[in-house]
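All remarks here apply to the structure that follows.
The values are calculated or read from the model by the stated rules, or taken from the named source; none is laboratory data. Just so it is clear, the model here is predicted, and its values are computed rather than measured. Every residue, glycine among them, receives a Cβ derived from its backbone with ideal geometry; neighbour counts consider all protein chains shown. For accessibility, only protein heavy atoms count, side chains too; no ligands or nucleic acids. Shrake-Rupley method; radii C 1.70, N 1.55, O 1.52, S 1.80 Å.
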Amino acid sequence: MQQADDYKVSVIVPIYNSEDTISACILSILRQSLNDIEVILINDGSKDASGSICDDFAKRDHRIKVIHQENMGRSAARFHGTQVAKGQWLSFVDSDDTLPENALRDMYAVCTDDADIVLGNGESLKNENRDVIPINEFRHMAVRAEGTIGVPWGSLYRRTIVSPYLFDLPREIVNGEDYIFWLRLVFQTEKSVRIVREKVYNKGEEHTCNNFIWTADYCEKLNDFRMSSIPEEYRRNYLEDTIKDRIVNLCAVAVCQKRNAWKRSNFFLDIEKDMELLKMVFNWKQFLFLHIPSLRIRKLLSSIIQRTK
């Protein structure tokens, strides 16, 4: 029987109604040049053929473990995977995504005793060329959700720092939960973060974020989790960073809600109060965007910006 630490990496895949993409996802993991891995497939109550596809793969490769559970949501599925994982390091892959052949090899190659986190897709960090970032600096980057910090995929985490607390969110938090995972994670270690610049992840088509309707009330709840995830003695040090990320949330709200709705919300008023405390102001692009009176024009402008990124 396999014991803890028998594998170098445990790859955890939460799956829900993914029959069209899950085969390609699993094959990309099995074909990794790093062979010493286990693959944990969490079938989260799928109503299509996803579960049987997973079972068929498990019959052909001993490294695969399939867990079938009632639908509990993506965070709960990932958490279940961490509870049964036996690898030294954990990696998460979404069921509509794939891994380049050398992804796990490239990330595992920089795993050392003095690191608990390896961030892949390091090229997403603008103006950042270091291979190692001290944890105090990285925490500021995490609060601002820079690059691919803020999504669980495309990185490695030492299994011993991944606890139930990282996933402990109500199910109604369906967008931004990965960001909270990271905020909680970076305060679980004092070790520097290793950065890998090679491409280690192929993102499939995004559905959750693109279809999500942001509201001021939702962002207020999310911010409560944001602030509580930062230890109280550190919160003032990270206030400017939280403001910057809240402004990103506010611009998303401005595309979904009429101005007179979010303008009077506690979420917006709290941003203004904290900005006044730190003597911060909106930059001219944010100011102009937020002062466009028409919701329709804000939506149109936002879609143009997204297409030209």
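Quick check on ARG194: is it modelled with pLDDT of 95 or more, buried (at least 22 other Cβ atoms within 10 Å of the Cβ) and among the charged types (D, E, K, R)?
yes
Would you tally the residues in segment 136-157 being crowded, with 19+ Cβ neighbours inside 10 Å and either among the basic types (Lys, Arg) or more than 17 Å from the chain's Cα centre (by Cα) (or both)?
Adding up the residues that qualify gives 1.
Name every residue in segment 74-105 that is among the charged types (D, E, K, R) and open to solvent by 30 Å² or more (accessible area, probe 1.4 Å), in order of residue number.
ARG74, LYS86, ASP96, GLU101, ARG105
Listed here are the residues, each with its yes/no results for (1) charged (D, E, K, R); (2) part of a helix (DSSP H, G or I); (3) out of contact with any Cys (no Cβ under 9 Å at 6 or more places or on another chain); (4) touching a residue at least 24 places away in the same chain (Cβ under 8 Å).
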| position | (1), (2), (3), (4) |
| --- | --- |
| ILE40 | no, no, yes, yes |
| HIS68 | no, no, no, yes |
| ASN71 | no, no, yes, yes |
| ALA77 | no, yes, yes, yes |
| ARG105 | yes, yes, yes, yes |
| ARG130 | yes, no, yes, yes |
| GLU137 | yes, yes, yes, no |
| HIS140 | no, yes, yes, yes |
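Could you pull out the residue among ASN266, ASN211, ASN223 that is closer than 23 Å to GLN286 by Cα and modelled with pLDDT under 95?
On inspection, the qualifying residue turns out to be ASN211.
Could you check, for segment 111-128, whether at least one of its residues is polar (S, T, N, Q), without any contact (Cβ under 8 Å) to a residue 12 or more places away in the chain and not in a loop (DSSP other than H, G, I, E, B)?
no
If you take the residues of segment 154-174 that are part of a loop (DSSP other than H, G, I, E, B) and in contact with a helix residue (DSSP H, G or I) (Cβ under 6 Å, 6 or more places away or on another chain), which of them is farthest from SER124 (Cα to Cα)?
Residue satisfying both the conditions and the ranking: LEU169.
Report, by residue number, each residue of segment 245-293 that is open to solvent by 80 Å² or more (accessible area, probe 1.4 Å), of a type in the set (S, T, N, Q) and either farther than 18 Å from THR215 by Cα or without any contact (Cβ under 8 Å) to a residue 12 or more places away in the chain (or both).
ASN260
Select from segment 109-135 the residues that are small (Gly, Ala, Ser) and surrounded by fewer than 21 Cβ atoms within 10 Å (Cβ to Cβ) and write down the one among them that is farthest from SER28 (Cα to Cα).
My answer is ALA115.
To keep it simple, each residue is scored yes or no on (1) touching a helix residue (DSSP H, G or I) at 6+ places or on another chain (Cβ under 6 Å); (2) aliphatic (A, V, I, L, M).
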position: ARG74; (1), (2): no, no
position: PHE79; (1), (2): yes, no
position: VAL84; (1), (2): no, yes
position: GLY87; (1), (2): no, no
position: LEU90; (1), (2): yes, yes
position: SER95; (1), (2): yes, no
position: MET107; (1), (2): no, yes
position: CYS111; (1), (2): no, no
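Within the group TYR165, TYR179, which residue is open to solvent by 10 Å² or more (accessible area, probe 1.4 Å), hydroxyl-bearing (Ser, Thr, Tyr) and within 9 Å of the chain's Cα centre (by Cα)?
The unique qualifying residue is TYR179.
Give all pairs with beta carbons closer than 6 Å in which a residue from segment 162-174 that is under 17 Å from ASP44 (Cα atoms) meets a residue that is part of a loop (DSSP other than H, G, I, E, B); count only pairs at least 6 apart in sequence or on separate chains.
Note: pairs meeting the criteria are ARG171/GLY73.
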